[in-house]
1. For a quick check of your reading: which strands (runs of 3 or more DSSP E) sit entirely within region A:1-72 and have at least 3 residues that are of a type outside the set (V, I, T)?
2. Condition first: in contact with a Phe, Trp or Tyr (Cβ under 7 Å, 6 or more places away or on another chain) and closer than 22 Å to A:N89 by Cβ. Now tell me which residues in region A:182-225 satisfy that.
3. Answer yes or no: is there a residue in region D:82-90 that is within 14 Å of chain C (Cβ to nearest Cβ) and more than 21 Å from D:L218 (Cβ to Cβ).
4. Scan C:A222, C:A213 and give me the residue that is part of a helix (DSSP H, G or I) and touching a residue at least 24 places away in the same chain (Cβ under 8 Å).
5. Return a yes/no flag: does region A:73-93 have any residue that is in the same structural domain as A:A130 (by TED's automatic domain parsing), basic (K, R) and out of contact with any helix residue (DSSP H, G or I) (no Cβ under 7 Å at 6 or more places or on another chain).
6. Restrict the check to region D:212-220 and report whether at least one residue is hydrophobic (A, V, I, L, M, F, W, C), in contact with a helix residue (DSSP H, G or I) (Cβ under 9 Å, 6 or more places away or on another chain) and within 7 Å of another protein chain (Cβ to nearest Cβ).
7. Could you check how many residues of region B:11-20 are more than 13 Å from every other protein chain (Cβ to nearest Cβ) and without any contact (Cβ under 8 Å) to a residue 24 or more places away in the chain?
4 protein chains.
Amino acid sequence: MIVIMKPKSPLNEIMRLKQKIERENNVSVNVIQGKEYCVLGLIGDTTGVDAGKIRADEFVEDVKKVQQPYKLSNRMFHPDDTVVKVGENSIGGGRLAVIAGPCSVESEEQIVGIAKDVKRSGAKFLRGGAFKPRTSPYSFQGLKERGLELLKIARKETGLPIVTEIMSTDLIDKFVEDVDIIQVGARNMQNFDLLRQLGKTKKPILLKRGISATIEELLMSAEYIMSGGNENVILCERGIRTFETYTRNTLDLSAVPVIKKLSHLPVIVDPSHAAGIWWMVEPLAKAAVAVGADGLMIEVHNDPANAKCDGQQSIKPKVFQELMKDINRMEDAMSCRKYNALNV
Amino acid sequence: MIVIMKPKSPLNEIMRLKQKIERENNVSVNVIQGKEYCVLGLIGDTTGVDAGKIRADEFVEDVKKVQQPYKLSNRMFHPDDTVVKVGENSIGGGRLAVIAGPCSVESEEQIVGIAKDVKRSGAKFLRGGAFKPRTSPYSFQGLKERGLELLKIARKETGLPIVTEIMSTDLIDKFVEDVDIIQVGARNMQNFDLLRQLGKTKKPILLKRGISATIEELLMSAEYIMSGGNENVILCERGIRTFETYTRNTLDLSAVPVIKKLSHLPVIVDPSHAAGIWWMVEPLAKAAVAVGADGLMIEVHNDPANAKCDGQQSIKPKVFQELMKDINRMEDAMSCRKYNALNV
Amino acid sequence: MIVIMKPKSPLNEIMRLKQKIERENNVSVNVIQGKEYCVLGLIGDTTGVDAGKIRADEFVEDVKKVQQPYKLSNRMFHPDDTVVKVGENSIGGGRLAVIAGPCSVESEEQIVGIAKDVKRSGAKFLRGGAFKPRTSPYSFQGLKERGLELLKIARKETGLPIVTEIMSTDLIDKFVEDVDIIQVGARNMQNFDLLRQLGKTKKPILLKRGISATIEELLMSAEYIMSGGNENVILCERGIRTFETYTRNTLDLSAVPVIKKLSHLPVIVDPSHAAGIWWMVEPLAKAAVAVGADGLMIEVHNDPANAKCDGQQSIKPKVFQELMKDINRMEDAMSCRKYNALNV
Amino acid sequence: MIVIMKPKSPLNEIMRLKQKIERENNVSVNVIQGKEYCVLGLIGDTTGVDAGKIRADEFVEDVKKVQQPYKLSNRMFHPDDTVVKVGENSIGGGRLAVIAGPCSVESEEQIVGIAKDVKRSGAKFLRGGAFKPRTSPYSFQGLKERGLELLKIARKETGLPIVTEIMSTDLIDKFVEDVDIIQVGARNMQNFDLLRQLGKTKKPILLKRGISATIEELLMSAEYIMSGGNENVILCERGIRTFETYTRNTLDLSAVPVIKKLSHLPVIVDPSHAAGIWWMVEPLAKAAVAVGADGLMIEVHNDPANAKCDGQQSIKPKVFQELMKDINRMEDAMSCRKYNALNV
């Protein structure tokens, strides 16, 4: 961590602050006197140093971090890729893991039918919302517990592990029992209470990036889960909010190589939510594969025009099948697809 | 709601969609055939119409809203300003309501001392965090239940109603009993489960705008609380995330007149969190008063350089006192300060 | 175009506005009286209708566009892909066109050497800055006219057509004579004077998207060039400004399928400027190919650590060679790579 | 400037880079060896050091600036407020300077009439566009040279100095002769050629912040003008582009105190372009005064519903008159309105 003092700060104030920082933290402080600015360099483990507190000093101009504030999710301390195991499947470290299914579970016929379709095309996991976070209280909120039951039926019929979103700490026990991967949605990425409780389970957690979260904040949220003891975290890029309004969000594919560099955790991409329009799912899914994602999460619906939610961004099973064929061909061609973080 | 059909959509498809929309919603549909585009105009209450479902139709190019999707918070159906009563004080509808206090409660001496200071300067409410949402799991997370007890002591000593943030549904009963205004932080603005549960209480709720939430989304979150039966909602602008990095967030003061036009709910401004730097609090607080806010929420700390959180954005009691004097003078001068929504 | 009247607008005011709009524009106006809102639907060619003027009417709540405001760049009126011919090469409509070269021309040895390298690896065009737009007046501003001469030498040695940026209308004649593709940089995307003058030439123009330009604004800038008579416009996505600071800009790959749908113009991607860091160029370039771009623009430098500008985002010729091999393999595999806009 | 080396960089590479930086720049380099990272601190004048070049070194992780990259506009080297004189009027350093007038000059009657109105209400400068930058080539582009003549007539009639926008270097001589303050619009903030040429004049330049420009970039653009020898630069905040779509742009009032701290140049605010809607001009103008702006730029039109451009954001002369009264009252009340940069 680097502390930039205000120009013309008196020497005794600089020394006072140096001693205060050393006293309150397990670091030593180096003073560099420049032409206009004096700078303090903190040496040691600065993860726990509170930059805001230092900035509050009246002689401090600015504070800049050197070390990343996350540890457990940091590739520096864990060079090998993490592979999250889910039964016989896994995410990270090898071939692409594809999660597919409808936005929300609507009926047994619907979810079982789609599950069979996506499995046939090569999906390894089934998604489907039971508890739905909706912007409007007047929108369909999901089938809730009944939705979970239907997902379990679909799993039984197809063998596909199920992925579904949790919105409340009250339901953690039930989700741990019923679900294979627990999804934390973008809106709850900084619901720290939820993250902390999920950190006490051993379930794989699919943590979606908030629409205005930096990559660093996403990794800090992963750190909440991991610091509780649960290292089975899968990250998911699903679009960020920008000024462009043609797409619902802007898919930030750069986040994939960045996360690969900074962290050992697997990262997948959800092109459906990012684009918000079905006909962009196909090109964006291919781009996600090309950029090095460990997996995809894709909304598939047999009858989008009558879907109870997000029909506009769902592709039909037939389109999904074609997409999977293209992706398989791409993967075969990309001999050196995998980003090699150690070489950067 | 307006539905724009794809160019060259066949007439029978247009009529099919018209009938489908009419069948599934309590609206009638008007067809306007333009030169390149055919447009459907939906007439009736479209609050419950699912735009996404219509967009999912393969002949639909785009859907545009005409009516606002919120009802209970909508000024159109409730022209008079809402005034939220808190004991003998109130927010909205008259003189400026100032909430002041430290980022987090640290000790009895600290919170009682600051409470007395801010009361003397004219604050009507005491803020102080007991449960703190922190980006890092390694940062100070608040004194929790002990913090609530200290706030109650400060209230007893000064008579100031207390405002503090809730992070979990588990604590609603305790907050309802102990606290005067329950704050929902920016990160939880779309924690719908929390909003819904708070809607079942009668407590005043201070709902902060998420850093990437549109004004419409903020009003939809208010709608969650209000549709549960709790109409005591106070909105708070506290800065949005933009590309500018000099300030922590960009305070969106335009949001104040916009909210006043769209909604009858009171709206206050938190310049401390927006700026993230103490020396900007003063000019931004004055600007918030000038733009027509119903109140301010300001972080005040007796010893910012040793504060346990957010010291860099806290002002000292002496600075707060000067600010309050200036603001009082401004208010007196601004005869026509109040935005008159009925004239717009 | 749809005009939403204020709630409770008197009928005579609605009819007055209807007549005014019809009188001033070549359109007819349809009145739809909804439950709360009255809406006017404009029928006819609304490209020239000034929405701002209508919004200025005191009874108007909002105005929403139905038809796109661009004509010449609009795929609706020109369904086939435009292919821009540059000597024997072309951009659009077929195999990927790769433009490569250094950020700025530094010396004959440098530019000729890199030109030979990138040609050998498969690049079809040579880029190199002679006039450089730099944020700081104290930074290297390019070799200017001397740079153009060196580019011409490199073209003579390798046969590669040259692409370089123009910053001023004064130089148009010189660029038309010396250069094969004239680049308009992101900062000048709305330098309308420059666009208009370039519209009077017949040279291919590479128009880069401004860092905060919407896709619609990019197409409107293309329209400036095209409405002057020059239809040889190539669009370029090079990253937009967002809140994420790890990357210099956020590469918006969704823009590629969107532009393909809205326009017939070719669109290429510049991953170097978007990322701002060399090690992200490779994965982002592959993603650009996968998403359906017509070409790539890549910064290559033989000695990045001593480059006079943007060395941090330049890849070495060896890395470029590997990248081209991977891309060729990808292209072969992607049988159905090309986005078929007619099917959407 | 601080250079963060990659973890585990070999000592000889660190020393090589240290020597290279010292050799190529007039600085000395201090090496701080931390636990995980080694950091280089550059001492001396780093304004001319090319951070990108250092980042291109393969052992460098990141580079962070300590010193601001601007000099002439930097308050550190010029503590006193700059006051720009325009005839007998001035901007900066004292009472609020108000610039008012229509978006574009339309006729002699219009511009003279509005000039008289705004003068009567207290405006000190007349604005009016002659050359208009418009997103669409099909929109009204201004009366051009004829517009300048009409502005001169209005100046003659009222004595108000005139402010109008330049879009091309070709017109600099004419503008220097005819105009009192030359405006550089937001879209041309980084038209470096134009800035450089304007730096060779002595005319006051009103430099508007680009809609996606950081405050630092705005100051760097001022630096272009100032480094040519023209120190008469007035900065203008006019809204930045964010995700919020209710307002045309988001007025960033925090920029005012930030600019006051970083620079000695005067800064004014344009609420009309920021909001894009007339009824927000009044509250935002007051907020701009409260936050400490040196002036306002406000669009006033006698007949907004028939204005040739931007009628929706223009206020009528009567509304302007009321606004000026309120602002005068506010100014009187704000004894300590002026931001005292020396105390921060």
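1. Numbers: elements: A:2-5, A:27-33, A:38-44, A:60-64.
Because the criterion is at least 3 residues that are of a type outside the set (V, I, T), the strands (runs of 3 or more DSSP E) in region A:1-72 that meet it are A:27-33, A:38-44, A:60-64.
2. Answer for region A:182-225, where residues must be in contact with a Phe, Trp or Tyr (Cβ under 7 Å, 6 or more places away or on another chain) and closer than 22 Å to A:N89 by Cβ: just A:I182.
3. Filtering region D:82-90 down to residues within 14 Å of chain C (Cβ to nearest Cβ) leaves none.
Within region D:82-90 (the criterion being within 14 Å of chain C (Cβ to nearest Cβ) and more than 21 Å from D:L218 (Cβ to Cβ)), the answer is no, since none of the residues qualifies.
4. C:A222 is the lone residue from the list that is part of a helix (DSSP H, G or I) and touching a residue at least 24 places away in the same chain (Cβ under 8 Å).
5. Within region A:73-93, one or more residues are in the same structural domain as A:A130 (by TED's automatic domain parsing), basic (K, R) and out of contact with any helix residue (DSSP H, G or I) (no Cβ under 7 Å at 6 or more places or on another chain).
6. Checked region D:212-220: at least one residue is hydrophobic (A, V, I, L, M, F, W, C), in contact with a helix residue (DSSP H, G or I) (Cβ under 9 Å, 6 or more places away or on another chain) and within 7 Å of another protein chain (Cβ to nearest Cβ).
7. Residues that pass the stated criteria total 5.
Okay, residues lined up against (1) closer than 16 Å to B:N232 by Cα; (2) at the interface with chain A (Cβ under 9 Å from one of its Cβ atoms); (3) out of contact with any Lys or Arg (no Cβ under 7 Å at 6 or more places or on another chain); (4) not small (G, A, S):
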residue: B:S168; (1), (2), (3), (4): no, yes, yes, no
residue: B:L171; (1), (2), (3), (4): no, no, yes, yes
residue: B:F175; (1), (2), (3), (4): yes, no, yes, yes
residue: B:D178; (1), (2), (3), (4): no, no, no, yes
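The values are calculated or read from the model by the stated rules, or taken from the named source; none is laboratory data. Here the structure is a predicted model, which means the values were calculated and not measured. Every residue, glycine as well, gets a Cβ built from its backbone with ideal geometry; the counts of neighbours run over all protein chains shown.
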